[in-house]
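Asker: Would you mind keeping the following structure in view while I ask a few things?
We did not get these values from a lab; they are worked out from the coordinates using the rules stated. Keep in mind the model is a prediction, meaning the values are calculated, not measured. Here the Cβ positions follow ideal geometry from the backbone for every residue, glycine too, while neighbour counts run over all protein chains shown.
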Amino acid sequence: MIVLFSCDDNDNFFDVQGNYPNDRYPTESFHNYTLKWVGIQSAHEDGFVTLINEQSIDTLLLDPTDFFGLGLSVKVRKDTDMSFYVAAIDSLVPIDLPNQCSLRYKKIPQGDGRFIFTSNIFWCDEEFGENGPDVYSPDILSYDIISFRNYTTCDIKINPSNIPDSSKPPFYDTQGIRALDSFLVKGKDADESYGYDFRNLIHSQPNLQWDAEFNESCNDCTLRYKNGETNPEAVPEYYFWCTEEYGEEGPSN
């Protein structure tokens with residue numbers, strides 16, 4: 001278990017006057033790059049406060065998807081000890097992992113990296129080493145965000161077919177940290193916990209072209225896909241389905 005300390009100033013963009021003084025609770029964000037649940041325990045019972053400044057909690061549980069790349073922003077009490085650990089799924093209980101994850105932590109000052117607030121980032125030493133993931137790279141700011149929805153029961157592999165800039169990765173993951181040469185869009189039965197699999201949000205090089213194929217046998221399913229988003233200002237969303245189940249037009253939702 002590692003102990004960390006919160007003490008620096010930070011401008012609070014959500015300057016809502018509520019139950020807790022803003023000069024004691026600057027806004028900070030927490031970002032989880034471990035792909036495992038991370039628990040953060042404050043030594044003070046009012047260690048964390050919601051942005052609307054009305055409710056306090058003493059423990060945070062960070063989703064391994066990093067809250068879909070946005071991180072978790074809360075008000076953090078100054079001068080309060082905190083500890084963090086790998087936690088069980090949807091639980092505050094510390095666990096021992098069969099696949100080791102040596103947790104690391106550092107604080108990124110406001111204005112550094114790709115964060116709005118002072119940020120606390122967590123990672124596994126086995127994946128990113130002592131220095132952690134690169135949160136300073138400006139490349140990701142030029143990438144497009146696209147999303148994929150898979151109505152088949154099989155995983156679908158997305159491969160780039162034409163990469164505009166071959167000196168850069170064709171894709172980055174949802175968090176904008178892990179460079180990807182290709183990736184899987186999970187089948188609809190893979191994870192029902194979110195209803196929609198937000199992990200299929202991907203950063204893509206602008207104007208990149210890609211192909212889709214099954215990663216496994218799908219009982220001779222005839223694969224189709226289309227861009228179901230008609231709003232040009234929205235995130236493009238591609239739908240995959242089997243004609244044997246949904247016909248040529250595909251699912252209606």
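Asker: Say each of residue 79 and residue 24 gets a label point 7 Å from the Cα, pointing the same way as Cα to Cβ; how far apart are those two points in nm?
Answerer: Each label point lies 7 Å from its Cα, and together they span 1.0 nm.
Asker: If I build a Gaussian network model for the chain, linking alpha-carbon pairs within less than 10 angstrom, which residue out of 46, 165, 144 has the largest mean-square fluctuation?
Answerer: 165
Asker: Could I ask something else about it? For residue 127 and residue 246 in one chain, what is 0.36 nm times their gap in residues minus the Cα-Cα distance, to one decimal in nm?
Answerer: Values: separation 119, 0.36 × 119 = 42.84 nm, distance 4.05 nm.
That pair, residue 127 and residue 246, stretches by 38.8 nm at full extension.
Asker: Using the number of other C-beta atoms within 10 angstrom as an exposure proxy, rank 49, 76 with the fewest first. Write out the running numbers ahead of the final one.
Answerer: Details: 49 23, 76 27.
Fewest-to-most Cβ neighbours within 10 Å comes out as 49, 76.
Asker: Hey, in the GNM for the chain with a 10 angstrom Cα cutoff, which one of 31, 203, 44 fluctuates hardest?
Answerer: The residue that fluctuates most here is 44.
Asker: When we measure straight from the Cα of residue 226, which lysines land under 24 angstrom away, once same-chain ones fewer than 8 places off are left out?
Answerer: Filter leaves 157, 186, 188.
Asker: Another question, then. What percent does the relative contact order of the chain come to when contacts are Cα pairs within less than 8 Å and at least six residues apart? Kindly include the intermediate steps, with their values, before the conclusion.
Answerer: Values: 537 pairs, mean separation 41.5, N = 253.
Taking the mean separation of contacting Cα pairs over the length of the chain, I get 16 percent.
Asker: How much length is gained on full extension from residue 157 to residue 99, taking 0.36 nm per residue of separation minus their Cα-Cα distance?
Answerer: On the way: separation 58, 0.36 × 58 = 20.88 nm, distance 2.53 nm.
Gain in length upon complete extension: 18.3 nm.
Asker: Provide, as a two-decimal number, the C-alpha radius of gyration of the stretch 139-246 over 2.2 N^0.38 Å, N being how many residues it has. Don't skip to the answer; put the middle values down first.
Answerer: Details: Rg = 13.8 Å, N = 108, 2.2 N^0.38 = 13.0 Å.
Rg over 2.2 N^0.38 Å, computed on Cα atoms: 1.06.
Asker: Looking only at 204, 73, 102, which one moves most when the chain is put into a Gaussian network model with springs between Cα atoms under 10 Å?
Answerer: For the chain, modelled as a Gaussian network with Cα springs under 10 Å, the answer is 102.
Asker: Now for a separate question. Output wanted: per-residue J couplings in Hz (rounded whole) for the stretch 164-173, from phi through Karplus 6.51 cos²θ - 1.76 cosθ + 1.60, θ = phi - 60°, x for Gly and Pro.
Answerer: x, 10, 6, 7, 10, x, x, 9, 10, 5
Asker: If R0 is 25 Å, what FRET efficiency do you get for residue 116 and residue 57 from their C-beta distance, rounded to 0.05? Don't skip to the end; give the middle numbers.
Answerer: On the way: r = 21 Å, r/R0 = 0.85.
Efficiency, from the Cβ-Cβ distance: 0.75.
Asker: Can you compute the label reach from residue 145? Point 7 Å from Cα along the Cβ direction, backbone N cut-off under 14 Å, restricted to the stretch 95-115.
Answerer: It comes to 115, nothing else.
Asker: Relative contact order (percent) for the stretch 139-246, with alpha-carbon contacts under 8 angstrom and 6 or more residues of separation?
Answerer: 38 percent
Asker: Which lysines does residue 106 reach when only Cα atoms under 18 Å apart count, and residues fewer than 8 places away in its own chain are ignored?
Answerer: Partners found: 36, 75, 78.
Asker: Using a Förster distance of 25 Å, how high is the FRET efficiency between residue 235 and residue 188, based on the Cβ-Cβ distance and rounded to 0.05? Mind showing how you got there, number by number?
Answerer: Numbers: r = 20 Å, r/R0 = 0.78.
With a Förster radius of 25 Å, E is 0.80.
Asker: For the stretch 41-182, which semi-axes, largest first and in whole Å, follow from the square roots of 5 times the eigenvalues of its Cα gyration tensor?
Answerer: Working: eigenvalues 193, 72, 54 Å².
Over the Cα atoms of the stretch 41-182, the ellipsoid semi-axes are 31, 19, 16 Å.
Asker: In terms of modelled amide H atoms, which long-range or inter-chain residues lie less than 5 Å from the amide H of residue 106?
Answerer: For residue 106, the qualifying residues are 121.
Asker: Based on DSSP, what percent of beta bridges with both residues in the chain are antiparallel, to the nearest 5?
Answerer: Details: 51 of 61 bridges.
The antiparallel proportion sits near 85 percent.
Asker: What is the mean projected area of the alpha carbon convex hull for the chain, to one decimal in square nanometres? Working shown, then result.
Answerer: Numbers: hull surface 63.1 nm².
The directionally averaged projection comes out at 15.8 nm².
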